[in-house]
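Input: a single structure, listed below in structure tokens.
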Amino acid sequence: MMSFLRQYPKRFFWVSFFIGLVVSLILDVLWLRSDILHYHFPFQYVPQFFAIFGLLGCMLLILIAKGMGYFISKDEDYYEKDSRRQV
Amino acid sequence: MTEWIHPGVVIFLGAFLIPWIKWRTVRLAYLLLLPLIGLTLLLLMSSGYFGQIPAWPGALHKWQIPFLDYSLELGRIDKMTMVFAYIYLIAAFCMNLYALGVKNKWEHVAAMIYLGSSLGAIFAGDLFTLFWLEIMSWAPVFLIWFRGTRKAMGAAIRYVLWHHFSGACILAGVVIHLYHTGSIELTRLPWGWGGEHLGYNLMLLGFIINSATTPFHSWLSDTYSEATPSGSIYMTAFTTKTAIYCLIRTFPGVELLMWLGAIQAVFALFLAVLENDGRRLCSYHIISQIGYMVAGVGIGTEMAINGAISHALCHIIYNALLYMGAGCVLVVAGTAKFHELGGLYKYMPISFWLYMVGGFSISGFPLFNGFISKVMTIEAAELIHNAPIYLLLEGATVGTFLHTGLKLPWNMWLQGKDEPPPNIRAKLKDSALNTPVHMLIGMSILAFLCIFMGVYPKILYDRLPYPVEFIPFTTTRVFSIMQMFIFTFLGFWFLRKLVTGYPTYTLDTDWPFRMAGRKLIWFCEEPLMGFARVMDRKVMEVVNLIVWISKNPAAAFEIKKKEMLLAGQRRLAKSGSIDLCRQSLEEEKRKYPGELPGLTLGASIILILFSFLLYLALYLFAIP
């Protein structure tokens, strides 16, 4: 396994990543039916809540920020140009 | 036996010795020794050498100095000050190690003054002694100035403006509080809206500016990213955490803080998405993480306060590590801008992995120290059943992992390239060890602490003021956070093209202030100076005229009379003798002042008597 890791680090990463992903999806289904997970809010008991929250949260964050960037992204020297004091 | 020795004062005064040590090796050894002396003093305090530290909220009171009608207390030692002081000094030791390569010895002096004054503020037992904060507002200015760039010059001035403003607010609040209550004790203060709470609102404003709470967070990202690579690391640790400390002391449980903190935790992440500079991105993460602490203070339950304290302390460690990682790239490659970097992994893998320890910590991966402190605050939000606060804080976890765990390392070290851009490659040696070793040692100690505290949280939990009956590693928590991170990574991978760096500058909430400042300077330079110039010219004309007349009043009046006559003649255009008149006038002007008329003694006396008469008239009638 170590030699595999050394030889194909990227492939190792992706294989383990997808194993983790699938396992987490399955565990969520199994554990929600049993009495292992204890949450505080009802919405946390929605199946795959944290998967959806992570995925959507991340993508929304990037997309909304990019939309904000349309208004607030300026040239690097925004505050320096047309100021005679340059401070 | 001495009553007590103040570690802050020792380091503060010790800092001034640094430039007098001639030999570089000895100087650097002394620099490392300073925090160690502080740590030794803390160990003596913990062992009860200066007296047993009572259980929270009891405290040892040392170094009480009479001042006016009050008693200043330089040393209030309780569980909270001790745990803050420990982490400050441990972090400072690692930071000094990291900064050993700095050529400018005054940078070390500024850093140690900064550390000493932070400790001074932490140990302060009353609201006057707390004004160590004021030293903390100018010491870092030098850490920014020593960068030497024009941007750094401006940033340092903005830093000092913000902090003196906050200092003035706190002072005003303290004075109002003192006027009403007569007490200067640094303790929990009442808070509310309305006029009777003006003083407390001013103090709160001062503290939230110092702690970079939204909407007053912009100074942080603006200035930390302009400081010197090692100077910025000191700055990440002390100012904001000391402000959090003050908030915990004075305003725990203020609901406003809970909302500000939770909003800030998420808001800063939106700005971080657009960021192109590695250190500015880390700055937004400081702001975001401070959101957790401020929210914890705002929630105000015992668990939340414990969470805020532990998060502040863990944050000092992992954030110094993050900044050190970005600073390594800045030192080695000469830039921390994403669009100029990428593919550095082959040349600096150790700093990459040490950075990643910080990245995992700040994201809150289980077994790293961010997890054990962050979940405490989140759990506190869950326990008060406030779903919006919970969702904001949990959402901030997603964003934090996205940026510091994924975006920054991807853009700085990887970007899917094996080699960095040619201009960067030219600066690198062919080995895998481009980062100076002392930097790596400093980072390694912090990375070790991140993992050690993450694996063995009891070491921190036992030192928190309130007793901790909290187990961070439950199946629910570990599972939910891991699943969330896996899917965050998936989202990042889908949109990874969008988070590459573009050479842009992101406007922040300081835009209105800076624009207003710019307009003010424009107003002063253009209309106001124009008006001043006109006024100046007019006044000088009048003065010159008076001087001219006084040289020979009789002849002057003659010339003026002729001038007026000439003007009248020209207007009427009656005679052809204008030219003649003008010529004689020119002649008289040229001769002016000419010979002064001599006064006889009698005429002089009459003039003098006449002026006395005028004075008498003035005295009798004009002055009532």
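Which of the residues spanning segment A:32-45 are more than 7 Å from every other protein chain (Cβ to nearest Cβ) and surrounded by fewer than 16 Cβ atoms within 10 Å (Cβ to Cβ)?
A:Arg33, A:Ser34, A:Asp35, A:Pro42, A:Phe43, A:Tyr45
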What is the one condition in (1) within 21 Å of B:Lys103 (Cβ to Cβ); (2) free of Cβ contacts under 8 Å to residues at least 40 places away in the same chain that B:Gly14 does not satisfy?
-> (2)
Give B:Gly325, B:Gly370, B:Gly342, B:Gly359 a once-over and let me know the one that is surrounded by fewer than 24 Cβ atoms within 10 Å (Cβ to Cβ) and of a type in the set (Gly, Ala, Ser).
-> B:Gly342
Here are some conditions: (1) of a type outside the set (A, V, I, L, M); (2) farther than 22 Å from B:Phe368 by Cα; (3) surrounded by 15 or more Cβ atoms within 10 Å (Cβ to Cβ). B:Thr500 meets all but one. Which one does it not meet?
-> (3)
From the list B:Thr240, B:Thr250, B:Thr228, B:Thr236, pick out the single residue that is over 18 Å from the mean Cα position of the chain (by Cα) and not charged (D, E, K, R).
-> B:Thr250
Count of segment A:46-77 residues which are part of a helix (DSSP H, G or I) and within 7 Å of another protein chain (Cβ to nearest Cβ) | 16
Candidates B:Glu595, B:Glu588, B:Glu526, B:Glu558 - the one that is assigned to a helix (DSSP H, G or I) and out of contact with any Asp or Glu (no Cβ under 8 Å at 6 or more places or on another chain) | B:Glu526
Hey, B:Asn434 within 16 Å of B:Ala333 (Cα to Cα), more than 11 Å from chain A (Cβ to nearest Cβ), of a type outside the set (Phe, Trp, Tyr) and outside any loop (DSSP other than H, G, I, E, B) or not = no
Residue in segment B:514-548 that is farthest from the other protein chains (Cβ to nearest Cβ), counting only those that are among the basic types (Lys, Arg) and farther than 28 Å from B:Ile157 by Cα = B:Lys538
Would you confirm whether any residue within segment B:485-500 is under 28 Å from A:Tyr79 (Cα atoms), charged (D, E, K, R) and in contact (Cβ under 8 Å) with a residue 24 or more places away in the chain?
-> no
Scan segment B:131-142 for residues that are surrounded by 24 or more Cβ atoms within 10 Å (Cβ to Cβ) and in contact (Cβ under 8 Å) with a residue 60 or more places away in the chain and jot them down.
-> B:Leu133, B:Met136, B:Pro140
Checking A:Asp82 against (1) more than 7 Å from chain B (Cβ to nearest Cβ); (2) surrounded by 14 or more Cβ atoms within 10 Å (Cβ to Cβ); (3) at pLDDT below 85, which test does it fail?
-> (2)
Spot the failing condition for B:Phe207; the list is (1) modelled with pLDDT under 90; (2) closer than 17 Å to B:Phe238 by Cβ, and only one is missed.
-> (1)
In the set B:Pro388, B:Pro366, the lone residue that is under 24 Å from B:Ile471 (Cβ atoms) and either within 14 Å of chain A (Cβ to nearest Cβ) or part of a helix (DSSP H, G or I) (or both) is B:Pro366
Taking the options B:Glu558, B:Glu525, B:Glu588, B:Glu563, name whichever one is free of Cβ contacts under 8 Å to residues at least 12 places away in the same chain and of a type in the set (Asp, Glu).
-> B:Glu525
Out of curiosity, is B:Ala396 within 26 Å of B:Phe494 (Cβ to Cβ), in contact with a Leu (Cβ under 9 Å, 6 or more places away or on another chain) and either more than 11 Å from every other protein chain (Cβ to nearest Cβ) or of a type in the set (A, V, I, L, M) (or both)?
-> yes
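Considering each residue of segment A:65-77, count those that are surrounded by 14 or more Cβ atoms within 10 Å (Cβ to Cβ), more than 24 Å from the chain's Cα centre (by Cα) and within 15 Å of B:Thr509 (Cβ to Cβ), and give that number.
The total comes to 1.
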Kindly indicate which of B:Phe487, B:Phe473, B:Phe479 is over 30 Å from B:Ile77 (Cα atoms), in contact with an Asp or Glu (Cβ under 8 Å, 6 or more places away or on another chain) and within 14 Å of chain A (Cβ to nearest Cβ).
-> B:Phe479
What's the number of the condition B:Phe50 fails, among (1) outside any loop (DSSP other than H, G, I, E, B); (2) buried (at least 19 other Cβ atoms within 10 Å of the Cβ)?
-> (1)
Quick count over segment B:454-484, residues being without any contact (Cβ under 8 Å) to a residue 60 or more places away in the chain and small (Gly, Ala, Ser), is 1
Find all pairs meeting these conditions: Cβ atoms under 8 angstrom apart; at least six residues apart or on different chains; first residue within segment B:75-104 and crowded, with 24+ Cβ neighbours inside 10 Å; second residue among the polar types (S, T, N, Q) and modelled with pLDDT of 95 or more.
-> B:Tyr88/B:Ser118
With respect to the numbered conditions (1) without any contact (Cβ under 8 Å) to a residue 24 or more places away in the chain; (2) closer than 25 Å to B:Phe489 by Cα, which one is the sole condition not fulfilled by A:Ser24?
-> (1)
Are there any pairs, at least 6 apart or on different chains, whose C-beta atoms fall under 8 Å, with the first in segment B:328-352 and in contact (Cβ under 8 Å) with a residue 40 or more places away in the chain and assigned to a helix (DSSP H, G or I) and the second crowded, with 24+ Cβ neighbours inside 10 Å and hydroxyl-bearing (Ser, Thr, Tyr), and if so, which?
-> B:Cys328/B:Ser351; B:Cys328/B:Tyr355; B:Val329/B:Ser351; B:Val332/B:Tyr347
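The values are calculated or read from the model by the stated rules, or taken from the named source; none is laboratory data. Since the model is a prediction, treat every value here as computed from it, not as a measurement. Reconstructed Cβ throughout: ideal geometry from the backbone, glycine too, with neighbour counts over all protein chains shown.
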